[in-house]
1. Cross-chain or 8 or more residues apart, Cα under 24 Å: how many lysine pairs in the chain fit that? Count them up, please.
2. How large is the direction-averaged shadow of the alpha-carbon convex hull of the chain, in nm²?
3. Name the residues of the stretch 107-130 whose amide N is less than 17 Å from a point 7 angstrom out from the Cα of residue 142 along the C-beta direction?
4. Ignoring ligands, DNA and RNA, what percent of the 1.4 Å accessible area of the stretch 77-144 is carbon and sulfur?
5. Using mean Cβ contacts within 10 Å as the protection proxy, how do 116-128, 94-106 order, highest first?
6. Please compute the modelled spin-label separation between residue 22 and residue 166, points set 7 Å along Cα→Cβ, answer in nm with one decimal.
7. Express the accessible area of the stretch 94-135 per residue in Å², computed with a 1.4 Å probe while the remaining protein chains stay in the model.
8. Would you calculate, for the chain, the mean residue ellipticity at 222 nm contributed by helices, counting each DSSP H stretch of 4 or more residues as -39,500 (n - 2.57) and dividing by all residues, to the nearest 500?
Amino acid sequence: LYVYEDQPKLAQVSIGQNDVRATPLQMAMVAAAVANNGVIMKPHVMRDIRTRDGELISKYEPERWKTAVSPTVAATLREAMIGVVGPGGTATRMAIEGFAVGGKTGTAELGTTSPSSHAWVIGFAGPVGQAPTVAVAVLVEALPGADEQTGGRVAAPIAQAVLEAALRAR
């Protein structure tokens, strides 16, 4: 059993505040792992390499990297994240007609004298009834206000546009 001496700090860290650090890539990988039955794929930045005329030279083959959670835990998280995008959720602005979309919003208060926050959202999407095929993380930094500019209001519409563009390009 791990005992954390600073209980207020522990409470803040447990909700992503205080000294928690994560990059958008790391958070997109969290969403992707949830969508992929708990498996984290090796990150990459290219799909394929083509000649100027469009001839395929090389194609990236996805590789398993790590297992973050069991398939059962991933399925529970996936359903919860789909609920976040559904009616009454905090990421309803991520919904895309004809696709299953899951998300998790966040608003990180910066503790500045003039209140400001980061608006976050991570998510995944894919055809209804099929495995999700794309994942995303959106971070909009240093917005004015303590909690007026939430991940659901500010970051979710951006995520929706990115997910939709990726889905339509497939």
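1. The number of close lysine pairs in the chain is 5.
2. Spelled out: convex hull of the Cα atoms, projected over all directions, averaged, 12.8 nm².
3. Residues passing the 17 Å test: 108-120.
4. 57
5. Values: 116-128: 23.3, 94-106: 21.0.
Packing order, densest peptide first, comes out as 116-128, 94-106.
6. Each label point is offset 7 Å from its Cα along the Cβ direction, giving 1.5 nm.
7. Values: 1900 Å² over 42 residues.
The answer is 45 Å² per residue.
8. Details: 4 runs with 49 residues, N = 170.
Using -39500 (n - 2.57) per qualifying helix, the result is -9000 deg cm²/dmol.
The values are calculated or read from the model by the stated rules, or taken from the named source; none is laboratory data. What you are looking at is a predicted structure, and each value in this text was computed from that prediction instead of being measured. Cβ coordinates were reconstructed from backbone atoms using ideal geometry, including for glycine residues, and neighbour counts include every protein chain displayed. Side chains included, ligands, DNA and RNA excluded: accessible areas come from the protein's heavy atoms. Shrake-Rupley method; radii C 1.70, N 1.55, O 1.52, S 1.80 Å.
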